[in-house]
Amino acid sequence: ERMNIVVSMVSENDRGNWEALYKAYADFYQVPMSQEILDTVWSWIFDKQNAFYALAARNAEDGLVGLMHFREMASPLRGKTVGFLDDLYICPESRGQGIVEAMFEALGKEAKTKGWPFVRWMTAEDNERARCVYDKIAEKTPWVTYHMPVV
């Protein structure tokens, strides 16, 4: 059942709550987080040149309980832009309440208004809880992801 959840774009007033959620997300993936990274990502959200966006799920009691960062990405073979979902995090104590589904519904609406034919994302292979949700709302692609460090 969905609690009284409202999903909307992150606003300038959300900075403290957004930081807390993003730090928890970085902890989940065991990625070090710094104030410099937080400042950079926060600036991207409000830089209209960037095509980088943030959705937040809110409830009346706790404020921000979910966070989603996504952006526009060129798809040269299609000659179109598509969406790419970078980050998704729901507070552990708020999981299982339909928040992630509400966030994907909002993401779908945003994608439609931007004319994107789809939104693509990656997740860790062992992120089973998230993958159970993703398997219900999206198609798993046959693509394998590589990562080339540049030194």
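The values are calculated or read from the model by the stated rules, or taken from the named source; none is laboratory data. Predicted, not measured: the structure shown is a model, and the values here were computed from it. We place every Cβ from the backbone using ideal geometry, glycine too, and count neighbours over all the protein chains shown. When the accessible area is computed, the model is the full protein with side chains, heavy atoms only, and any ligands, DNA or RNA have been set aside. Shrake-Rupley method; radii C 1.70, N 1.55, O 1.52, S 1.80 Å.
Placing a label point 7 Å from the Cα of residue 51 along the Cα-to-Cβ direction, the residues of the range 104-145 with a backbone N closer than 20 Å are 107-122. In the chain, the DSSP-assigned H stretches of four residues or longer account for a calculated mean residue ellipticity at 222 nm of -11000 deg cm²/dmol, using -39500 (n - 2.57) per stretch and the full residue count as denominator. Farthest towards the positive end of the charge dipole of the chain, among the residues 145, 30, 10, is the Cα of 145, using unit charges on the Cβ of Lys, Arg, Asp and Glu. Basic side chains Lys and Arg get +1 at the Cβ, acidic Asp and Glu get -1 at the Cβ, and with that the dipole of the chain about its Cα centre reaches some 680 debye. Extents of the chain, taken as max minus min of Cα coordinates on every principal axis and listed largest first, are 46, 36, 33 Å. Mean-square fluctuations from a GNM of the chain, with a 10 angstrom spring cutoff on Cα atoms, peak among 127, 59, 50 at 127.
Taking all C-alpha pairs of the range 1-83, those more than 14 Å from each other amount to 68 percent.
Among 36-49, 88-101, 68-81, 137-150, sorting by the average number of other beta carbon atoms lying within 10 angstrom of each residue, highest first, gives 88-101, 68-81, 36-49, 137-150. As a ratio to 2.2 N^0.38 Å, the alpha-carbon radius of gyration computed for the range 102-148 takes the value 1.30. If both residues of a DSSP beta bridge must be in the range 66-150, then about 75% of such bridges are antiparallel. Taking every C-alpha pair closer than 8 Å and separated by at least 6 residues, the mean separation divided by the residue count of the chain gives a relative contact order of 21 percent.
Computed on the range 1-66, with alpha-carbon pairs under 8 angstrom and 6+ residues apart, the relative contact order is 49 percent.
Exceedance of the 22 Å cut-off in Cα-Cα distance is limited, within the set 109/136; 23/136; 23/80, to 23/136; 23/80. Note on the chain: with neighbouring protein chains present and a 1.4 Å probe, carbon and sulfur make up 53 percent of its accessible heavy-atom surface. Extension gain, residue 146 to residue 23, is 41.8 nm, computed as 0.36 nm per intervening residue step minus the present C-alpha separation.
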